[in-house]
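Please treat every number below as a calculation from the coordinates, not as lab data. As the structure is a prediction and not an experimental result, all values here were calculated from the model. Cβ atoms come from the backbone with ideal geometry, glycine included; neighbour counts cover every protein chain shown.
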Amino acid sequence: MIIRFILTFSVLLQTAASFAAEKPATISSLAELAQVAALSGQNVKLRPGMYRMIDFIPLSSIKDRQKRQEWQFLSFSGSNNTFDLSGVTIEFDTALRGALHAPIHTDEFLIKGSNNTLKGLTITNIGNGIVMGGAVVGVTGSGNTLRDCTIRVQGSAPYGYGDLFGKGGHKHSGMHITGNGTHLVGCKVFTHAFGHAFYLQEDCADCSFEDCYAEGVMRRTDEILAETSGMAFERKFRTEMQNRSGEARILPGYMKALSEDGFRTYGTHKNLSFKNCTAKNMRGGFELRTKTAPYVENCTAIGCERAFWVSTGAVVTKCQGDTQFGPLLYVEGDNATVDVKLLPTEADEVTVHAIAAIYGTGNKVTLTAKGKRVHSLPILVGFGPPGMGENMAPHSVKDTRRLTLRNETTMPLVIGTKAGQCEISTNGPVQENQGKEIVIQNLAPGSL
């Protein structure tokens, strides 16, 4: 009986200890957050509220940080932690990053420990402090999860021209992923800076994005051409790429994204997936040119310079996008399987040249449509994206073999001279066919 009592009491003590361990420790300052961020095995909650980084790290302290080569403003170096930051906004004055002048491509907030979960944090940039590249948040550790985090980005130069004058300069991106096993759920980036919203580098693998959102700002080229001072005026409106008239000059009638891509890959990223994500008013909505078969499901790109740009082995299913300001789809590489719905949204007085451009070998593409369009635009088979993806530039002719294309839209087809051995079913007319061994079947209305 005594033994049974001791055992029962011991279990109760263990249960109480376990409950205590699960209950988060509450903190109330950025100084405390910086301290616990370096430790491991914790459950921490920061009291909701507005926290100003410049109060924690004043400008007067920046020289000492430079001497110590302390380039991050907040670093989560511990592992196996849960940080509940719901209702927390960290206001980050970009004058701090400008004064620190960190090495190129340095991120301000860094998650370099492993198996951490951060949820609910909002980081809001103010000011226009600039350095050479870098993102607001970098994730370098493995197995980290960010949930319901929001980043509002500003601080880049030049800003207001997109990539018309090149892709260099003082960029500022939202979230930079290099750590394996990174999972982003319900994260949002709103950007008023030249840079990507979300991007992956260093061949990170096993990463996933779910219910994430990227939004930038668009600007008409007519507005840029009307400037009487500033960079465009000083450059006499000359661009990096030659336009369709053979001049390296801005043309009226186009729309430019002032930021880079919503979701972007650089390198090899195995087991990469995107589900229920949206990109709005970005240069590229989903520019996923890794040749390691990314999986994209139920994603939307609206009001972008180009909606989806995918490569070898990509699987794109149940996705949708529009051609308000640029093409719906670019497919390059081999053996991609793509199913995208064309939304009817169009913009007045904006020039768009194509619905899609497809090249490579063994690709399977299905284009469906929702609603009716006013303007007819071609689907280009055997053509690649224009240089730098710039809509003002011409499309190049590209080798295309064994394409299986099902065009359930009413948009016409243009088939280039380097296309061959393709099977095409179409509800739209064939406007031009210069390919070889092209089998074309007209879809009956009842087959849609």
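Things worth noting here:
- Take every pair of alpha-carbon atoms less than 8 Å apart whose residues are at least six positions apart; their mean separation over the length of the chain yields a relative contact order of 7 percent.
- Per residue, the chain reaches -3000 deg cm²/dmol at 222 nm when only DSSP H runs of four or more residues are counted, each adding -39500 (n - 2.57).
- Remark: the chain is approximated by an ellipsoid whose semi-axes, taken from the C-alpha gyration tensor as √(5λ), come to 45, 29, 17 Å, largest first.
- Over region 283-448, the hull volume per residue, using the convex hull of the C-alpha atoms, is 95 Å³.
- Most mobile of Ser229, Ser114, Ser396 in a GNM of the chain (Cα contacts under 10 Å): Ser229
- Put in order of Cβ neighbour count within 10 Å, fewest first, the listed residues His269, His105 become His105, His269.
- Loop-located trypsin sites (Lys or Arg not before Pro) in region 218-258, at most 13 other Cβ atoms within 10 Å (DSSP): Lys236
- Highest-fluctuation residue, Leu74, Leu146, Leu59 considered, GNM on the chain with Cα pairs under 10 Å: Leu59
- GNM result for the chain, Cα springs below 10 Å: residue of Ile424, Ile358, Ile379 fluctuating most strongly: Ile424
- Cross-link pairs Lys370/Lys436; Lys188/Lys280; Lys119/Lys171 - those with Cα-Cα distance over 23 Å: Lys370/Lys436; Lys119/Lys171
- Counting beta carbons within 10 Å around each of Phe198, Phe237 and listing the fewest first gives the order Phe237, Phe198.
- Loop-resident sites, region 246-338, for GluC sites (Glu not before Pro), counting at most 14 other Cβ within 10 Å (DSSP): Glu247
- Antiparallel DSSP beta bridges within region 36-217, as percent of all bridges there, nearest 5: 0
- Beta bridges by DSSP in the chain, antiparallel share as percent, to the nearest 5: 5
- Fewest-first sequence of Lys372, Lys167, Lys398 by Cβ atoms within 10 Å of each Cβ: Lys372, Lys167, Lys398
- For region 36-217, the pair-distance distribution built from all alpha carbon pairs, in bins 10 Å wide starting at 0, is 10, 39, 39, 12, 1 percent.
- Kirkwood Rh, angstrom, region 361-448 [1 / mean 1/r, Cα pairs]: 13.5
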